[in-house]
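Chemist: After the structure tokens below, expect a handful of questions from me.
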Amino acid sequence: MSGQSAFWRNCATLLLLLFVTPWCASVPIQGVVQEALRNGPLHQGHFSGFAFELVLSRLSMIDQSIMQLRHDVRSLQERDQLADNITRLEQRLDTVEARLLETNALGVQIGDQQTRINSLSADLLSISNRQSQLETTIASFGQRHHGRRPHHHHGHRG
């Protein structure tokens, strides 16, 4: 009976390994099962040679499937990573685009201010020209009336 209990213990261990072994583990299940079967009560006829080979070939296929699944999982993880990177890049692009729009808006505002400044400086220039014209006019007017007065003759002396 001790052989049989050891066999079931090994089966339980195997099941535990199947459920507990993480994806990344590289322990081939086939090897674990072979070990479990080797310690099992083969001599009691629980497994004939044919059944044993069949089980092992099935396990080999399962192993290959698991390897493929691990590979697929790794590929999916890499794809997820790429998708995350793309999302991050898109977010950065959105930020850059928003900043560009803000900058453009500022540029338009600055352009408006510049136009106003140009208009004001043109007004200022025309005012200053007018002022200097007025000063010139006033100066010439002053010279005419407050400079040497023209000599008036009030009659002829005889």
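Chemist: Name the residue, out of Asp112, Asp123, Asp94, Asp84, that is acidic (Asp, Glu) and over 38 Å from the mean Cα position of the chain (by Cα).
Modeler: Asp123
Chemist: Mind counting the residues in segment 54-77 that are surrounded by fewer than 12 Cβ atoms within 10 Å (Cβ to Cβ), closer than 17 Å to Leu14 by Cβ and of a type outside the set (Gly, Ala, Ser)?
Modeler: Summing the residues that are surrounded by fewer than 12 Cβ atoms within 10 Å (Cβ to Cβ), closer than 17 Å to Leu14 by Cβ and of a type outside the set (Gly, Ala, Ser) in segment 54-77 gives 1.
Chemist: For the structure I just gave you, tell me whether Ala36 is in contact with a Ser or Thr (Cβ under 8 Å, 6 or more places away or on another chain), in a helix (DSSP H, G or I) and modelled with pLDDT under 80.
Modeler: Considered against the rule, which asks whether it is in contact with a Ser or Thr (Cβ under 8 Å, 6 or more places away or on another chain), in a helix (DSSP H, G or I) and modelled with pLDDT under 80, Ala36 comes out as yes.
The values are calculated or read from the model by the stated rules, or taken from the named source; none is laboratory data. Note that this is a predicted model, so its numbers are computed, not measured. When we count neighbours, we look across all protein chains shown, and the Cβ atoms used for this are built from the backbone with ideal geometry, even at glycine.
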